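Please read the structure below before turning to the comments.
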Amino acid sequence: MKSGSLLTQLKILTFIPLLILSVLFFVFLYDSFREIRQLQTLRDNTQTIQNVSRLITDLQRERGLSSGYLESGGKRFVGELRTVRYAVDRDVRISDFFVVIHSLRKQIDARCISSVASFIAYSTVIKQLQTRFLALTRQIDDVDLLKFLHPFINLSLVKEALGQIRGSLNGVFSDARNPNKKLLYLALHAKGVMDISLEKYYVTASSAFAQRVRHILASPEYRYVDGVIERIALLTFPLPKEDPGYWFETATKVIDRIGTVEKGYLDTLRDYTQNKIVRTKVQILVELLALLALITFIVWLGKTLRDKILRNVTLLQQYKDAVDRSSIVSKADVGGRITYANDKFCEISGYSREELLGKPHNIVRHPDVPKAVFKEMWQTILDKKPWSGIVKNRKKSGDFYVVEATINPILNHKGEIEEFIAIRNDITEVIKLHEELERTQEEMILRIGEMGEARSQETAQHVRRVAKYSELLGRYYGLDDAEIKRLTVASPMHDIGKVAIPDAILKKPGKLTDEEWEIMKTHAEIGYRLFKDSDKPLMQAAAIIAHEHHEKYDGSGYPRGLKGEEIHIFGRITALADVFDALGSNRYYKKAWSDEEIFAYIRQERGKHFDPKLVDILFEHLDEFLEIRERFR
């Protein structure tokens, strides 16, 4: 083997793991930055929710005071209204309702708007703020966070309904001689909304938070509020008299206590978000350092292996130079009988010169060399042309040696063949090194396949079993030895494209969404692109397997919807081997199937998912497949 070819293979051997790690590195960085951006958005949304919630609380208070102010003819709640307006003005900058609120206040101060119209106007603004609040929560896809948001939303609706009751009845009590019936009906409607929202809250809230609300509703203040509402609900005129100031103050205490629970949710949301940002940054840093350490280790390991192999190649090259100075030489007559053999020939073959002379070269012929090689060799030299090639020979001891041989026909002056001279170089050690390099490459491919499976926490034995199943199917299908070897070595790379699939999809325990499934399916194309540009047969086999192992015999597979024998035999074999093994293994999204379920499924998919001939082979030799599964369990 030429040293240049060996160096090329070494580069390929080093390049593949570095390429895969580079893909992993960039996928990791992309996912990490995306997660940080999502967390920052989540944090901003949480802060906005807090601001909106505070503004809603102040507006609810201003709405109730405004009802009392208008119904009392501007005599009540003047100071309280001024104070709460200041609080609203502090927070109204977060919205675009500044002009609306100040225009409404001018009408209230001039008392040119009814208390009902004022109440409805404030409620409309609050509802619009709540709509924006809900829109912000829909942007949050954190499952744990939504466990706090849903009860928080329901509690906010309870507080708003109670705020409407407080405000409308404040207006009713502020003009006891002529109570505003519209405000009264608004209060009764709000009580119904409050009861419904409270039931929803108890369904969604944790026991701790629900208990806090029950404690508030059991307080004397709420019993007073609830008693007033019950008496008002009788609609018996004249209505029971209530001091508007005491009513408003007492109802406000209840609302403020509910607001304290609401604030508890907001504090939990804020702390959760901040803690998750910190944890995520630490996790990203740790994983990044681990990935960089792995890349460093692979580079160091590759360099060490390359240096070691190059050292051996350098030594072998010196051996080859020595052989060039004293080559293995023999001569033969036109009948192919040996007429001369030098010392090197005798030494390497193990025969004495006397044992070689007069014998045909078949004496050192190795049975591994096909007869067609010798036929082509003789045809070439009999045509008076030189023949060059690599030949495996057998020693007297039964051992073998490999030579790079050039056989030249020696012509006399008439152009007739006089004899043949064979000049050989011993390349046995180079061939053995090449075989060792191929074994190393096969092992590296297996390890890379295991690494790809390990990312989804599949065991290393999975790719070994798939390789063994594929080898068995290929042999009984009738593939030649070279094809079987390529299939066996390359099959562990069938799912290598999964290295580029995000963890959130790859490791999702539940069923994938349609969008996630489309992303998952891209692993076949990704695996194909990793190897498709290589001119090495083994890499081409890996590209085919990665690309076609999810195609189905009836054409319903992906990524190209190939059908029948349009699918390469490597893809059809790996598809059956992979599914046979995967069904019996625990995954994120399923438990391992029993043998009866596996066998029934494969029989059912004969001619649909799987090549019928391969299914028949599987069941004809089922004991051998089960023995492989047990051996590599």
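The values are calculated or read from the model by the stated rules, or taken from the named source; none is laboratory data. Keep in mind that this is a model prediction, so the values were computed, not measured. FYI the Cβ positions are ideal-geometry reconstructions off the backbone, even for glycines, and counts take in every protein chain you see.
Give the number of residues within segment 210-253 that are in a helix (DSSP H, G or I), surrounded by 12 or more Cβ atoms within 10 Å (Cβ to Cβ), among the small types (Gly, Ala, Ser) and without any contact (Cβ under 8 Å) to a residue 60 or more places away in the chain.
Qualifying residue count, segment 210-253: 2.
Among (1) at pLDDT 90 or above; (2) closer than 20 Å to Ala482 by Cβ; (3) part of a loop (DSSP other than H, G, I, E, B), which single condition is Ser534 missing?
Going through (1) at pLDDT 90 or above; (2) closer than 20 Å to Ala482 by Cβ; (3) part of a loop (DSSP other than H, G, I, E, B) one by one, Ser534 breaks only (1).
In this structure, does Val334 turn out to be touching a strand residue (DSSP E or B) at 6+ places or on another chain (Cβ under 6 Å) and closer than 30 Å to Lys308 by Cβ? So that I can check it myself, show each step before the final result.
Working: touching a strand residue (DSSP E or B) at 6+ places or on another chain (Cβ under 6 Å): yes; closer than 30 Å to Lys308 by Cβ: no.
Judged against the criteria, Val334 is not a match.
Filter segment 140-180 down to the residues that are among the hydroxyl-bearing types (Ser, Thr, Tyr) and modelled with pLDDT under 85 and list them by number.
Ser174, the sole residue that qualifies.
Applying the selection to segment 549-563, what residues are of a type in the set (Gly, Ala, Ser), surrounded by 14 or more Cβ atoms within 10 Å (Cβ to Cβ) and in contact (Cβ under 8 Å) with a residue 24 or more places away in the chain? Full working, then the answer.
Step one: list which residues in segment 549-563 are of a type in the set (Gly, Ala, Ser), which gives 555-557, 561.
Filter once more, keeping what is surrounded by 14 or more Cβ atoms within 10 Å (Cβ to Cβ): 555, 557.
If the condition is that a residue be of a type in the set (Gly, Ala, Ser), surrounded by 14 or more Cβ atoms within 10 Å (Cβ to Cβ) and in contact (Cβ under 8 Å) with a residue 24 or more places away in the chain, then Gly557 is the only one that fits.
Looking at segment 174-209, which of its residues are of a type in the set (D, E, K, R) and part of a helix (DSSP H, G or I)?
Lys181, Lys182, Lys191, Asp195, Glu199, Lys200
Could you say which residue among Ala524, Ala582, Ala575, Ala546 is touching a strand residue (DSSP E or B) at 6+ places or on another chain (Cβ under 7 Å) and either in a helix (DSSP H, G or I) or without any contact (Cβ under 8 Å) to a residue 24 or more places away in the chain (or both)?
Details: Ala524 fails: touching a strand residue (DSSP E or B) at 6+ places or on another chain (Cβ under 7 Å); Ala582 fails: touching a strand residue (DSSP E or B) at 6+ places or on another chain (Cβ under 7 Å); Ala546 fails: touching a strand residue (DSSP E or B) at 6+ places or on another chain (Cβ under 7 Å).
None of the others qualify; the one that does is Ala575.
Take Ala592 and tell me if it is under 19 Å from Gln461 (Cα atoms) and at pLDDT 90 or above. Working first, answer last.
Numbers: under 19 Å from Gln461 (Cα atoms): yes; at pLDDT 90 or above: no.
Here the answer is no, as Ala592 does not meet what is asked.
Quick one: would you say Ile277 is touching a residue at least 24 places away in the same chain (Cβ under 8 Å), more than 19 Å from Leu145 (Cβ to Cβ) and surrounded by 13 or more Cβ atoms within 10 Å (Cβ to Cβ)?
Details: touching a residue at least 24 places away in the same chain (Cβ under 8 Å): yes; more than 19 Å from Leu145 (Cβ to Cβ): no; surrounded by 13 or more Cβ atoms within 10 Å (Cβ to Cβ): yes.
Here the answer is no, as Ile277 does not meet what is asked.
Residues that are of a type in the set (D, E, K, R), free of Cβ contacts under 8 Å to residues at least 60 places away in the same chain and assigned to a loop (DSSP other than H, G, I, E, B): does segment 498-520 have at least one? Steps first, answer last, please.
In the first step, residues of segment 498-520 are kept if they are of a type in the set (D, E, K, R); the result is 498, 503, 507-508, 511, 514-516, 518.
Next, from what is left, pick out any that are free of Cβ contacts under 8 Å to residues at least 60 places away in the same chain: 498, 514-516, 518.
Then keep just the ones that are assigned to a loop (DSSP other than H, G, I, E, B); that gives none.
Scanning segment 498-520, I find no residue that is of a type in the set (D, E, K, R), free of Cβ contacts under 8 Å to residues at least 60 places away in the same chain and assigned to a loop (DSSP other than H, G, I, E, B), so the answer is no.
Each row is one residue, and each column tells you yes or no for (1) under 15 Å from Ser53 (Cβ atoms); (2) surrounded by 13 or more Cβ atoms within 10 Å (Cβ to Cβ); (3) in contact with a strand residue (DSSP E or B) (Cβ under 9 Å, 6 or more places away or on another chain).
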position: Tyr86; (1), (2), (3): no, no, no
position: Val99; (1), (2), (3): no, no, no
position: Ile108; (1), (2), (3): no, yes, no
position: Arg111; (1), (2), (3): no, yes, no
position: Val116; (1), (2), (3): no, yes, no
position: Ile126; (1), (2), (3): yes, yes, no
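Being aromatic (Phe, Trp, Tyr) and more than 27 Å from Thr48 (Cα to Cα) is the filter here; which residues of segment 241-282 pass it? Please lay out each step first, then the result.
Step one: list which residues in segment 241-282 are aromatic (Phe, Trp, Tyr), which gives 246-248, 265, 272.
Within segment 241-282, Tyr246, Trp247, Phe248 meet the criteria.
Take segment 71-83 and flag every residue that is surrounded by 16 or more Cβ atoms within 10 Å (Cβ to Cβ) and out of contact with any Phe, Trp or Tyr (no Cβ under 9 Å at 6 or more places or on another chain).
Here is the first cut: in segment 71-83, the ones surrounded by 16 or more Cβ atoms within 10 Å (Cβ to Cβ) are 71-72, 76-77, 80-81.
Scanning segment 71-83 gives a single hit, Ser72.
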